[in-house]
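K.L.:
Below you'll find the structure I mean.
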Amino acid sequence: MCYETSSTKIKEAMEDYAQASFAVPLEYEPFYHRSAFGFPNLQIIPMHAPDEIYPSTWGFVPEWAMKDIDNFRKKYNTYNAKSETILSSGTFKTSAREKRCLILADGFFEPHKENNISIPYYCHIPTKEYKDGRDLFVFAGLYSQIAEFAYSCTIITTEANEFFSEVHNVKKRMPLVLDEGLKDEWLNDRLNDNNITELMQNGFTSKEFTAHPVSRDLYKRNIDTNNPSIIKPVQKDTLF
């Protein structure tokens, strides 16, 4: 699962990486932590506009739920979509075929269990490309269009690889971070079900992630977690 993420880069860096322009520039502000449970905006590149970046509410809303979104969100958790079932799911199957997207980020948080205690780990790709040492990447996602310039989205998850099985060591899932060479292919409107399945099974980035434990303040209410301290490592021996 992936319910917490970061996107700390300025607009210009995002546009340069994505080779796309913000359609609604004033809607984007860099952030160190956003939780899906607050239905925040993520930044997506949708299939129908591959050269534009749009704000999109985190929490997918299918077409059949558009008339009563609030009630739908009370009943269903659609922050993530399992790769194994999106092509058969009544909630996701239409978007899996017709409305795929890229979701921009530079990090995410995963829970690691030790002695029945969840410790948040911050996961990112080390790089020298940016001064902060964190590379930009894209999650594979799905989106729906709620209104003319209003979208909802979900992050696709897959069975964890060896590294993320150690990080997310209970449910052993990971978000599908697409390989750089497959970003355009994910938005290809000519993909059939076999193509989509193959991309999800084999499309995880070849870049190496690192992960470190961060403050458990991440899980507390009434604390501002959108600040640089939330991604800093805490004092702890770690294998990651």
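The values are calculated or read from the model by the stated rules, or taken from the named source; none is laboratory data. On a predicted model such as this, the values are computed, not experimentally measured, just so you know. In this analysis, Cβ positions are derived from the backbone assuming ideal geometry, glycine residues included, and neighbour counts consider all displayed protein chains.
K.L.:
Please determine whether any residue of the stretch 63-73 is touching a Cys at 6+ places or on another chain (Cβ under 6 Å), closer than 30 Å to residue 120 by Cβ and touching a residue at least 12 places away in the same chain (Cβ under 8 Å).
P.N.:
Of the residues in the stretch 63-73, the ones touching a Cys at 6+ places or on another chain (Cβ under 6 Å) are none.
Taking every residue of the stretch 63-73 in turn, none turns out to be touching a Cys at 6+ places or on another chain (Cβ under 6 Å), closer than 30 Å to residue 120 by Cβ and touching a residue at least 12 places away in the same chain (Cβ under 8 Å).
K.L.:
Now for a separate question. With the checklist (1) touching a strand residue (DSSP E or B) at 6+ places or on another chain (Cβ under 7 Å); (2) surrounded by fewer than 18 Cβ atoms within 10 Å (Cβ to Cβ); (3) touching a residue at least 24 places away in the same chain (Cβ under 8 Å) in hand, flag the one item residue 133 doesn't pass.
P.N.:
Result: residue 133 fails condition (3) only.
K.L.:
A further question follows. Restricted to the stretch 160-170, and to residues that are in contact (Cβ under 8 Å) with a residue 40 or more places away in the chain and either surrounded by 14 or more Cβ atoms within 10 Å (Cβ to Cβ) or acidic (Asp, Glu) (or both), which residue is nearest to residue 69 (Cα to Cα)?
P.N.:
From the stretch 160-170, those in contact (Cβ under 8 Å) with a residue 40 or more places away in the chain are 161, 163-164, 166-170; that's our starting set.
Filter once more, so that each one left must be either surrounded by 14 or more Cβ atoms within 10 Å (Cβ to Cβ) or acidic (Asp, Glu) (or both): 163-164, 166-169.
Details: 163: 37, 164: 33, 166: 36, 167: 34, 168: 31, 169: 33 Å.
Looking at the filtered set, the residue picked out is 168.
K.L.:
Which residues, counting only those in the stretch 196-209, are in contact with a helix residue (DSSP H, G or I) (Cβ under 9 Å, 6 or more places away or on another chain) and either aromatic (Phe, Trp, Tyr) or surrounded by 12 or more Cβ atoms within 10 Å (Cβ to Cβ) (or both)?
P.N.:
Result: 196, 199, 203, 205, 207, 209.
One line per residue, one yes/no per condition, for (1) touching a residue at least 60 places away in the same chain (Cβ under 8 Å); (2) among the basic types (Lys, Arg); (3) out of contact with any strand residue (DSSP E or B) (no Cβ under 6 Å at 6 or more places or on another chain); (4) over 17 Å from residue 158 (Cβ atoms):
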{"site": "175", "(1), (2), (3), (4)": "yes, no, no, no"}
{"site": "180", "(1), (2), (3), (4)": "no, no, yes, yes"}
{"site": "192", "(1), (2), (3), (4)": "no, no, yes, yes"}
{"site": "221", "(1), (2), (3), (4)": "no, yes, yes, yes"}
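K.L.:
Does residue 234 satisfy the condition of being in a loop (DSSP other than H, G, I, E, B), without any contact (Cβ under 8 Å) to a residue 40 or more places away in the chain and touching a strand residue (DSSP E or B) at 6+ places or on another chain (Cβ under 8 Å)? Walk me through it before giving the result.
P.N.:
Details: in a loop (DSSP other than H, G, I, E, B): yes; without any contact (Cβ under 8 Å) to a residue 40 or more places away in the chain: yes; touching a strand residue (DSSP E or B) at 6+ places or on another chain (Cβ under 8 Å): yes.
Yes; evaluated as a whole, the condition is true for this residue.
K.L.:
Given the structure, is residue 156 touching a Ser or Thr at 6+ places or on another chain (Cβ under 9 Å), surrounded by fewer than 19 Cβ atoms within 10 Å (Cβ to Cβ) and touching a residue at least 60 places away in the same chain (Cβ under 8 Å)? Lay out the reasoning, then the answer.
P.N.:
Working: touching a Ser or Thr at 6+ places or on another chain (Cβ under 9 Å): yes; surrounded by fewer than 19 Cβ atoms within 10 Å (Cβ to Cβ): no; touching a residue at least 60 places away in the same chain (Cβ under 8 Å): yes.
Considered against the rule, which asks whether it is touching a Ser or Thr at 6+ places or on another chain (Cβ under 9 Å), surrounded by fewer than 19 Cβ atoms within 10 Å (Cβ to Cβ) and touching a residue at least 60 places away in the same chain (Cβ under 8 Å), residue 156 comes out as no.
K.L.:
So, of the residues in the stretch 21-78 that are β-branched (Val, Ile, Thr) and part of a loop (DSSP other than H, G, I, E, B), which turns out to be surrounded by the most Cβ atoms within 10 Å (Cβ to Cβ)? Full working, then the answer.
P.N.:
Of the stretch 21-78, the ones β-branched (Val, Ile, Thr) are 24, 44-45, 53, 57, 61, 69, 78.
Those left that are additionally part of a loop (DSSP other than H, G, I, E, B): 24, 61, 78.
Numbers: 24: 13, 61: 24, 78: 22.
Looking at the filtered set, the residue picked out is 61.
K.L.:
OK, next. Restricting to the stretch 119-153, what's the tally of residues that are of a type in the set (A, V, I, L, M, F, W, C) and in a loop (DSSP other than H, G, I, E, B)?
P.N.:
Quick first cut of the stretch 119-153, residues of a type in the set (A, V, I, L, M, F, W, C) only: 119, 123, 125, 136-140, 142, 146-147, 149-150, 153.
Keeping just the survivors that are in a loop (DSSP other than H, G, I, E, B) gives 125, 136, 149.
So the count comes out to 3.
K.L.:
Give me the pairs, please: first residue somewhere in the stretch 99-120 and closer than 22 Å to residue 47 by Cβ and touching a residue at least 24 places away in the same chain (Cβ under 8 Å), second residue anywhere and among the aromatic types (Phe, Trp, Tyr) and assigned to a strand (DSSP E or B), beta-carbon distance under 6 Å, and either six or more positions apart or on two chains.
P.N.:
Listed pairs, sorted by first residue: 99/143; 101/143; 103/139.
K.L.:
Let me ask you something else. Any residue at all in the stretch 37-45 that is over 29 Å from residue 197 (Cβ atoms), in contact with a Pro (Cβ under 6 Å, 6 or more places away or on another chain) and at pLDDT below 95?
P.N.:
No.
K.L.:
Take the residues of the stretch 171-195 that are polar (S, T, N, Q) and part of a loop (DSSP other than H, G, I, E, B): which is surrounded by the most Cβ atoms within 10 Å (Cβ to Cβ)? Reasoning before the result, please.
P.N.:
First, pick out the residues of the stretch 171-195 that are polar (S, T, N, Q): 188, 192, 194-195.
Pick out the ones that are also part of a loop (DSSP other than H, G, I, E, B) and you get 188, 192.
Working: 188: 14, 192: 9.
By that ranking, first place goes to 188.
K.L.:
Let me ask another. Can you name the residue in the stretch 81-96 that is part of a helix (DSSP H, G or I) and within 19 Å of the chain's Cα centre (by Cα) and is also farthest from residue 48 (Cα to Cα) among such residues? Lay out the reasoning, then the answer.
P.N.:
From the stretch 81-96, those part of a helix (DSSP H, G or I) are 93-96; that's our starting set.
Retained after the next criterion (residues that are within 19 Å of the chain's Cα centre (by Cα)): 93, 95-96.
Numbers: 93: 17, 95: 12, 96: 13 Å.
It comes out as 93.
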